[in-house]
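Visitor: Take a look at the following structure, please.
Just so you know, all these numbers are worked out from the coordinates, no wet-lab data involved. Because the structure is a prediction, the values reported are computed rather than measured. Note that each Cβ is placed from the backbone with ideal geometry, even for glycine, and that neighbours are counted across all protein chains shown.
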Amino acid sequence: MSPDTKTGNFLNAIQKFADEQKHMIRSEVEKFKAEELKKAEDEGIRDAHALIQKEMASMRAGIAGELAKKEDEGRRRLYKRREEMVGEIFEKAEGKLLDYTKTAEYTAAVKEDAKEAADFFGGDTVTVYVKSDDMAISGELSAIFGNNCSVKAASDIIIGGFKAQCASKGVVVDFTLDTKLENQKDWFLQNSKLKI
């Protein structure tokens with residue numbers, strides 16, 4: 001073989017080896033790029049998923065907070081409306097009771113209650129408190145309670161009835177329509193089905 005042929009074969013072999021090495025390096029580079037790209041995509045997907053989950057949790061918390069706030073506001077409005085309704089109902093009841101205090105039945109009922117209270121106190125000294133409009137029957141009340149009785153107008157009795165106080169026994173009996181009406185509020189709230 002001639003030296004030129006040997007040199008050509010040698011150069012061809014080197015070129016072939018270089019091409020194989022080049023092809024192998026390119027293949028490894030492509031494989032490395034594909035793996036790195038896959039890693040980046042996976043990491044990007046994980047990051048995007050984590051970001052989405054974080055945003056969803058934040059949105060859920062915001063929505064839950066907003067719902068709780070609206071529910072709270074709704075309850076407050078319902079409670080306020082219930083209180084208004086109860087107020088309206090008891091205001092009407094008070095009006096009807098005030099009308100009742102202008103009747104003969106009312107005066108008879110007060111006298112019956114006075115007899116019951118007088119029996120309870122048994123002739124002890126008693127102060128009877130009535131609303132100012134009922135001072136007209138103070139003589140009749142004094143007669144029922146006996147000589148040891150004084151009748152006075154009380155500003156805290158708005159609707160009617162009376163309170164009798166015996167200082168020696170330290171006892172007050174309350175036969176006022178004001179207290180009877182007030183005592184009905186709890187019963188009304190429990191039985192009226194106006195619940196929140």
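Visitor: What does the extension gain come out to for Met59 and Asn12, with contour length at 0.36 nm per residue minus their alpha carbon separation?
Guide: Result: 10.1 nm gained on full extension.
Visitor: Just to confirm the number: angle between the C-alpha axis of helix 177-191 and the first principal axis of the chain, 0 to 90 degrees, nearest 10?
Guide: 30 degrees
Visitor: For segment 89-196, which trypsin sites (Lys or Arg not before Pro) are in a loop by DSSP, counting at most 15 other Cβ atoms within 10 Å?
Guide: Counting only loop positions with at most 15 other Cβ atoms within 10 Å, the trypsin sites (Lys or Arg not before Pro) in segment 89-196 are Lys102, Lys169, Lys193, Lys195.
Visitor: Along the Cα-to-Cβ line of Asn148, 7 Å from the Cα, sits a label point; which residues in segment 97-132 have backbone N less than 16 Å from it?
Guide: Residues 117-128 fall inside that zone.
Visitor: Right, next: Tell me, what is the FRET efficiency for Gln190 and Leu98 to the nearest 0.05, using R0 = 25 angstrom and their Cβ-Cβ distance as r?
Guide: It comes out at approximately 0.45.
Visitor: Can you tell me what share of the DSSP beta bridges in segment 101-191 is antiparallel? A percent to the nearest 5 is fine.
Guide: Close to 60 percent.
Visitor: Tell me the label-point distance for the pair Thr5, His49, using the 7 Å Cα-to-Cβ offset, in nm and rounded to one decimal.
Guide: About 6.5 nm separates the two model spin labels.
Visitor: Could I ask something else about it? Here are a few candidate values for volume of the Cα convex hull per residue in Å³: (i) 202; (ii) 171; (iii) 121. Which one was actually calculated from the structure I just gave you?
Guide: (i)
Visitor: Using the alpha-carbon atoms, what tilt in degrees (0 to 90, nearest 10) does helix 3-100 show relative to the longest principal axis of the chain?
Guide: 10 degrees
Visitor: Another question, if that's okay. Measuring from label point to label point, each 7 Å out along Cα→Cβ, what is the Ser155 to Val86 span in nm?
Guide: 2.8 nm
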